[in-house]
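Single-structure report; data block below.
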Amino acid sequence: MSQYEVHSQNGISRRTAIKGLVGLAVAMSSIGCAPGSSNTTAPTPTPTVKLLPLGTVLYTYKGHTDYANSVAWSPGGKRIASGSRDQTVQVWDATTGGNVLTYKGNTDVINTIAWSPNGKYIASGGYDNIVQVWDAATGNIIYTFKGHTDIVNGVAWSPDSKRIASGSADKTVQVWDAANGGNVFTYKGHSDFLSAVAWSPDGKRIASSGGDDTVQVWDAANGGNSFTYKGHSGWVFAVAWSPNGKRIASGSVDKTVQVWDAASGNNVFTYKGHVDAALYTVAWSSDGKHIASGGDDKLVLVWDAATGTTIFTYKGHSDLVKTVSWSPDARKLIASGSNDQTVQVWQAR
């Protein structure tokens, strides 16, 4: 029996943790617009968006035949991609749930997916130790990155879509060129498996989390470590930047989400809304005001990012929640994926 099967935390075996128990967090990027000239056309009014009652389910996507491990919205909010233990990534219409295409380029379980900020590509990684980059419209493979020697648990695009960071059970994060797959550098700051990676909105830093109970923040240009956050007392499965890049949220098997200062590592507050549940996923809303988290208790909690006050509890899933992702547009929707094999899309605010 291997060390991964022998050692455990809170009832979760190390092998299970490394083999993609979690839906990993995807890097958040902010969207800005250039100011118009003062003596030209008036700014276009923001369209009115009709919000449904909080928690209203738009639909349940049942295209997968096994755990839904990771979800990602397209930058425009029109489509959703979901990666599964059934070895597929499926792309579907974010309004109706109709399947657009099914990608079968990976040869084993899919742990993690990420949509490029320019909307053109999707990256997927998993048990086959590789990252596939493919055309989001056609499913055609662009290239395959084979730099890792163990399971890939996290992928994140740089905000300019030019680079990709991938985190693996081989204890490394590799940063590579999204145009040709060339390795830029390998980050080796962690002493145990990598669970998640997230790129800062300004593109200058990367946060990574893992089985050494830490989140590390480091320079995206050269891999120089900025600091190591040691606030958690168990494996850290999820990490996400606030849209303004000033704070980081991280979720752990220690049953907490911690929000902390991205410059200093100082803890802002610890969220304990999930009762007796390991946390596998966290995501920040595009306006930075709310955070969603999910875990072993089958719940998604939506809470105030400034105070940690719970706003709403979503109870739509019948098994543990691995992944949550906020829509990037004004509809304020959440897509959540679970071991119940479904992705559910619902009103979050």
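Read-outs throughout are calculated quantities, based only on the coordinates presented, and are distinct from any laboratory measurement. The structure presented is a predicted model; accordingly, all values stated were derived computationally and were not measured. Here Cβ is always computed from backbone atoms with ideal geometry, including for glycine, and neighbour counts include all displayed protein chains.
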Which values of log₁₀ I(q)/I(0), to two decimal places, follow from the Debye formula for the range 202-349 at q = 0.09, 0.10 Å⁻¹ with a uniform point scatterer at every Cα? -0.25, -0.31
Over the Cα atoms of the range 72-188, compute the convex hull volume and normalise it per residue, giving Å³. 80 Å³
Principal axis box of the chain, alpha-carbon based, largest edge first, Å: 67, 45, 43
Label model pair ALA179, LYS120: point-to-point distance (7 angstrom along the Cα→beta-carbon line) in nm is 1.0 nm
Set Lys and Arg Cβ to +1 and Asp and Glu Cβ to -1, take the dipole of the chain about its Cα centre, and tell me which of GLY63, THR95, GLY224 lies farthest positive. THR95
So for the chain, taking the charge dipole from beta-carbon charges (+1 Lys/Arg, -1 Asp/Glu), which of LEU54, TYR314, ALA178 sits furthest toward the positive end? LEU54
Need the list of aspartates and glutamates near LYS298 for cross-linking: C-alpha distance under 19 angstrom, and skip anything on the same chain fewer than eight residues off. ASP66, ASP254, ASP276, ASP319, ASP340
Counting only residues 5 or more places away or on other chains, whose amide H sits under 5 Å from the amide H of TYR143 once H atoms are built in the peptide plane? VAL133
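So between LYS204 and ASP66, what do we pick up on full extension, going 0.36 nm a residue minus the alpha carbon distance? Walk me through the intermediate numbers first.
Numbers: separation 138, 0.36 × 138 = 49.68 nm, distance 3.64 nm.
Result for the pair: 46.0 nm of gain on full extension.
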If eta is 0.692 mPa s and T is 37 °C, what Stokes-Einstein diffusion coefficient results for the range 291-338, Kirkwood Rh from Cα pairs, in µm²/s? 297 µm²/s
